[in-house]
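Here the structure is laid out as structure tokens; the discussion comes afterwards.
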Amino acid sequence: PEFSEFVALNENAFLPDTTRMFHGTNAAFDTPDPARFEEGILGRGYYMDSDGGAAGAWTRGPVRGPTPDAGPNIRAVDIPNDLRLFDLENPQEAEYFGELNRLLPSSQAVDRQLVTEGYDGVRQGTTTMIFPESLSKIRNAFSGLQGGQADPQLAAEVGCTRAVLHKY
């Protein structure tokens, strides 16, 4: 089936007590590699959005992978509702985040402080960033594997490795 048909068939196949999110990338990979994470507005981590179209914006740019047809792709990821996320929509947490950014020497130091305080990631609007230390708590929605890992065989069978935005 096409990617959009597969998502439609499985849109209610959520794990209990999880929220469906989407990770968009122009890189081909089976397992998220924290060493390759880039710095984003919320820090360094695995970025997801509750809007698949918004996640699709992250697929733009040159394809990075072992072969030219390796990407881009959008991955459906289920995150547990009990993850402890630092919520920048909360005025007190947003103020604290600003203070940390003023007091600490880098955004990586801010991330480390939040991890030390027990947070799994940061949320702002529809975007969620998961710290590398908490990747094992999330699951790829199609393969069921930890950390948002894709099952290459399953992805090839359902055509998910080359999600095209106009089909989504």
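Each reported figure results from applying straightforward, stated rules to the coordinates on display, with no laboratory input. Just so it is clear, the model here is predicted, and its values are computed rather than measured. Reconstructed Cβ throughout: ideal geometry from the backbone, glycine too, with neighbour counts over all protein chains shown.
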Fill in the blank from the handout: Once Lys and Arg are counted +1 and Asp and Glu -1 for all other residues with Cβ under 13 Å from that of R123, the total becomes -4
Fill in the blank from the handout: Once Lys and Arg are counted +1 and Asp and Glu -1 for all other residues with Cβ under 13 Å from that of A57, the total becomes -1
Problem - Long-range amide H partners of A141 with built H, under 5 Å - result: A76, V77, D78
Problem - Sparse-neighbourhood loop sites, trypsin sites (Lys or Arg not before Pro) in the range 114-147 - DSSP loop, at most 14 other Cβ within 10 angstrom - result: none
Fill in the blank from the handout: Total charge of the residues flanking L100 in space, meaning their Cβ is under 12 Å from its Cβ, with Lys and Arg +1 and Asp and Glu -1, is -3
